[in-house]
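The values are calculated or read from the model by the stated rules, or taken from the named source; none is laboratory data. Quick caveat, the model's predicted, so the values are computed rather than measured. Glycine gets a Cβ as well: all are built from the backbone with ideal geometry, and neighbour counts include every protein chain shown.
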Amino acid sequence: MMAPETSSDLLQVSHFSVDLYTARAALRPVDGVSYSVAPGETLAIVGESGSGKTVLNFAPLGLMPTGVVTDLSGSVLFDGQQLVGLPEPALRRIRGGKIGTIFQDPMSALNPALRIGRQIAEVAELHLGMTHAQAEARALDLLKLVRMSDPQARLRQYPHELSGGLRQRAMIAIAIAAEPRLLIADEPTTALDVTVQAQIIGLLKDLQRRLNTAIVLITHDMGVVASIAARVAVMYAGRLAEYGPVEQVLLTPRHPYTRGLIAALPSVDDAPGSPFRGLPGTPPVLGAPLPGCAFAPRCPQVIDICARQYPPLRGSGGPGPGAAVACHVVNARPSKEQAHA
Ligand SMILES: Nc1ncnc2c1ncn2[C@@H]1O[C@H](COP(=O)(O)OP(=O)(O)OP(=O)(O)O)[C@@H](O)[C@H]1O
Ligand SMILES: [Mg+2]
């Protein structure tokens, strides 16, 4: 059973699904997902490309590409407010306000025609009701907070004048300008080189400590997960395969998909340049939801029931023993505690 979410959670996602319609297709990229994030906590969301990580996080905020119609069901409670069904003007007040967003590609999020300082100041004016002068002063403070070199000069620069790493810092400054309670970061470091990646992750950790902002971090990088997150949710084909404390999921993964993902990671023992091992097989094409487990066709431990019935996520996923796992084989096995009872 899913443990009841506690009212102290900042974000409570329950049985949340997204149906997505384009001119050519109808699919369900998110299907019955539940998790929660406490104030100041970091949750990482991992999973192969196309597993639904971006749709899961941005559809409730009304941030979907044009030409795509989405139909949301279930519940996304943020700070006591239901986001599912909330009209666009109310969502707009939350975006950039209580929820800050950071994307992989800062150029797509920054306004190319506005100076960096102005873009930060606008958020402070809009969401915090600051005067022009107050907001300009805040922009400078924020550039210092995200450790921009020469912040005074950067205020007057345009996005194209900055390097990738500095643009990412500018986007982080915009994202935190209104002192959000939650930051959603979608692959914020993928486009950067390794040294800059480490700096940006260090910066997010530092900001979180100072501001007590909760972070949902979408990433492909298990090293990043281990370094920043307390809990991790592993997505497969629009559902959670495994969800729980980072040490447990990374060191003792239980779902066959998580085990495969972690076994596929390049090891420190591998010769430099050795090929990425990868997970055998390919993810399913998302159409109508499958009756059984979507991982069954690739699963080394598959049994009869897997193709017929979807395995519910069992366990709390919260602190305490055992990550929550959606797998018939794993859940049929007695847990260690039961075995010793
Ligand atoms: N604009 C779109 N048009 C059509 N289908 C879409 C669109 N955006 C997402 N989808 C569908 O939703 C599914 C989930 O997409 P999503 O972008 O959430 O995956 P993801 O896990 O974020 O992948 P990645 O790691 O590549 O960013 C995709 O498999 C795709 O089929
Ligand atoms: Mg994505």
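Summary table below
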read-out	value
Qualifying residue in segment 287-298 (condition: of a type in the set (A, V, I, L, M), assigned to a loop (DSSP other than H, G, I, E, B) and at pLDDT 90 or above)	yes
Test: residue in segment 118-135 that is free of Cβ contacts under 8 Å to residues at least 60 places away in the same chain, surrounded by 17 or more Cβ atoms within 10 Å (Cβ to Cβ) and of a type in the set (S, T, N, Q)	yes
Qualifying residue in segment 37-55 (condition: more than 30 Å from G223 (Cβ to Cβ), within 16 Å of ligand 1 (Cβ to nearest atom) and either in contact (Cβ under 8 Å) with a residue 12 or more places away in the chain or in contact with a strand residue (DSSP E or B) (Cβ under 6 Å, 6 or more places away or on another chain) (or both))	no
Residue count, segment 170-208 (criterion: charged (D, E, K, R), farther than 17 Å from L145 by Cα and part of a helix (DSSP H, G or I))	0
Hits in segment 209-261 - residues which are in a loop (DSSP other than H, G, I, E, B) and more than 16 Å from ligand 1 (Cβ to nearest atom)	N212, T213, A229, A230, T252, P253, R254, H255
Output for segment 65-83, where each listed residue is touching a residue at least 24 places away in the same chain (Cβ under 8 Å), buried (at least 16 other Cβ atoms within 10 Å of the Cβ) and among the aliphatic types (A, V, I, L, M)	L72, V76, L77
Enumeration of residues in segment 16-67 that are within 16 Å of ligand 2 (Cβ to nearest atom), hydroxyl-bearing (S, T, Y) and not in a loop (DSSP other than H, G, I, E, B)	T54
Residue count for segment 151-194, restricted to those that are under 23 Å from A44 (Cα atoms), of a type in the set (K, R) and surrounded by fewer than 23 Cβ atoms within 10 Å (Cβ to Cβ)	2
Criterion violated by L61 - all others in (1) surrounded by 21 or more Cβ atoms within 10 Å (Cβ to Cβ); (2) in contact with a helix residue (DSSP H, G or I) (Cβ under 9 Å, 6 or more places away or on another chain); (3) under 26 Å from R231 (Cβ atoms) satisfied	(1)
Segment 38-56, residues that are of a type outside the set (S, T, Y) and surrounded by fewer than 21 Cβ atoms within 10 Å (Cβ to Cβ)	A38, P39, G40, E41, E48, G50
Matching option when the condition is in a loop (DSSP other than H, G, I, E, B) and away from ligand 1 (no atom under 16 Å from the Cβ), among G85, G117	G85
Flag for G74 being more than 16 Å from ligand 2 (Cβ to nearest atom), touching a Lys or Arg at 6+ places or on another chain (Cβ under 7 Å) and either assigned by TED's automatic domain parsing to the domain that holds P245 or in a strand (DSSP E or B) (or both)	no
When residues of segment 23-37 are limited to those that are among the small types (G, A, S) and surrounded by 18 or more Cβ atoms within 10 Å (Cβ to Cβ), the one farthest from A214 (Cα to Cα)	G32
Given (1) free of Cβ contacts under 8 Å to residues at least 40 places away in the same chain; (2) in a helix (DSSP H, G or I); (3) within 19 Å of the chain's Cα centre (by Cα), number of the condition Q152 does not satisfy	(3)
